[in-house]
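Single-structure report; data block below.
The values are calculated or read from the model by the stated rules, or taken from the named source; none is laboratory data. Every value quoted in this text rests on a predicted model; they were computed, and no experiment measured them. Please note: Cβ atoms are built from the backbone with ideal geometry, for glycine as well, and neighbour counts cover all protein chains shown.
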Amino acid sequence: MSENAPRRRMSGIGRVLVIVYAIMALAATGRSFVQIVSEFDEAPLAYALSAAAAAVYILATLALIFSGSAIWYRIAWVAIVFELVGVLVVGTLSILDPALFQHPTVWSLFGNGYLFVPLVLPFFGLWWLWAHRSVPASAPLPEPVR
């Protein structure tokens, strides 16, 4: 591969990252669906947050898959930053005020029900996006070599 050729985003670690995000999307979606259908009235905040986490994981998965496009790359950044803020805020609140989260969510206690993957995953996602950033669309194209 030449020096000027773009690096493939969906190889190696990028592919593993997408798979982990897809697994988290499926797990969070399944969990929130069961929680909302069977016992939503018991903990509406917790179960709504699980559904929000599921939506974020789905969006992040799609955005990472299509991150070769400038718009999807930006969507990936927004989704993963939102995910990071969500897990930090919900994780902190679930420790400081356990009454808010008497029923577990994907992000409560920093994702301990998922082996803390929700806490670690956004850091890897943001690192990967940073490491695979592309030239902004507004940047001028280099002159061809003659």
Query raised in the report: Which residue pairs have Cβ atoms under 9 Å apart, sit 6 or more places apart or on different chains, and have a first residue in the range 117-132 that is without any contact (Cβ under 8 Å) to a residue 60 or more places away in the chain and a second that is β-branched (Val, Ile, Thr) and surrounded by fewer than 18 Cβ atoms within 10 Å (Cβ to Cβ)?
Result: Pro122/Val81; Pro122/Val85; Leu126/Val81; Ala131/Ile13
**Report entry** Residues that are of a type in the set (Val, Ile, Thr), surrounded by 15 or more Cβ atoms within 10 Å (Cβ to Cβ), closer than 20 Å to His132 by Cβ and out of contact with any Ser or Thr (no Cβ under 7 Å at 6 or more places or on another chain), drawn from the range 15-36
**Finding:** Val20
Report summary line: Scanning the range 64-92 for residues that are surrounded by fewer than 18 Cβ atoms within 10 Å (Cβ to Cβ) and small (Gly, Ala, Ser) gives Gly68, Ser69, Ala70
**Report entry** First in the range 37-60 and surrounded by fewer than 15 Cβ atoms within 10 Å (Cβ to Cβ), second anywhere and part of a helix (DSSP H, G or I), Cβ under 8 Å, 6 or more apart
**Finding:** Glu39/Tyr47; Phe40/Tyr47; Leu45/Leu100; Leu45/Phe101
Requested in this report: Using the structure shown, decide if Ala46 is assigned to a helix (DSSP H, G or I), among the small types (Gly, Ala, Ser) and within 17 Å of Leu26 (Cα to Cα).
Outcome: no
Query raised in the report: Among (1) within 23 Å of Gly12 (Cα to Cα); (2) touching a helix residue (DSSP H, G or I) at 6+ places or on another chain (Cβ under 8 Å), which single condition is Arg74 missing?
Result: (2)
Report summary line: Among (1) touching an Asp or Glu at 6+ places or on another chain (Cβ under 7 Å); (2) more than 19 Å from Leu129 (Cβ to Cβ); (3) not β-branched (Val, Ile, Thr), Ala46 falls short only on (1)
Report task. Taking the residues in the range 79-122 that are out of contact with any helix residue (DSSP H, G or I) (no Cβ under 7 Å at 6 or more places or on another chain) and among the small types (Gly, Ala, Ser) as candidates, determine which candidate is modelled with the lowest pLDDT. Result -> Ala99
Query raised in the report: Taking interchain pairs and intrachain pairs at least six residues apart, which have beta carbon atoms under 7 angstrom, with the first residue in the range 87-101 and of a type in the set (S, T, N, Q) and the second modelled with pLDDT of 90 or more and surrounded by 12 or more Cβ atoms within 10 Å (Cβ to Cβ)?
Result: Ser94/Ser108; Ser94/Leu109
